[in-house]
Amino acid sequence: MNLFQGLTLALFLGLALITLSAAMRGARKRVVAFWMSIWLLGAASITWPHATAIVAHRLGIGRGADLLLYVSVLAMVVAFFYVYTRFRRLDRQITLLVRRLAIQNASAAPNASGGNGLRGVTDGNAAPGRVAAPNVPSGSGQA
């Protein structure tokens, strides 16, 4: 075993311990199993690099390093897609929540002057949801 293998195995061991500690704190079992399998496969490919070449040849790929590159790129694309869809879903949920809170606050909190909570409404005869036109005397010269 060379220095790189030793350092990388120590890194994988540390990551596995962090994952196990997250499992003890209540992380989902599927997530823990996924990450533990990633760390174990990484440690196995570092410990037995010839095994990746054998698997690569059986899959029709020239080298084990190419197999690892292809799998890594595919995993990153899947992860980016997952994060993007989760971000979009959270963004939509926040938009709906803010919209609902704004509607509730507008209808539940009338302003201090006894109006209906809409800024600029001075005429009690204005239609609900509409802002009354400002009172401008007709002879003021404003068009």
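Where helices (runs of 4 or more DSSP H) fall entirely within the range 1-115, those with at least 3 residues that are among the aromatic types (F, W, Y) and without any contact (Cβ under 8 Å) to a residue 60 or more places away in the chain are at 29-47, 64-108. Here the range 75-132 is the region considered, the condition is being modelled with pLDDT of 90 or more and hydroxyl-bearing (S, T, Y), and the residue that is farthest from S37 (Cα to Cα) is T95. Residue check: is W48 of a type in the set (A, V, I, L, M, F, W, C), at pLDDT below 95 and touching a Ser or Thr at 6+ places or on another chain (Cβ under 6 Å)? When the stated conditions are applied, W48 does not pass them.
The values are calculated or read from the model by the stated rules, or taken from the named source; none is laboratory data. These numbers were taken from a predicted model, which means no experiment stands behind them. Reconstructed Cβ throughout: ideal geometry from the backbone, glycine too, with neighbour counts over all protein chains shown.
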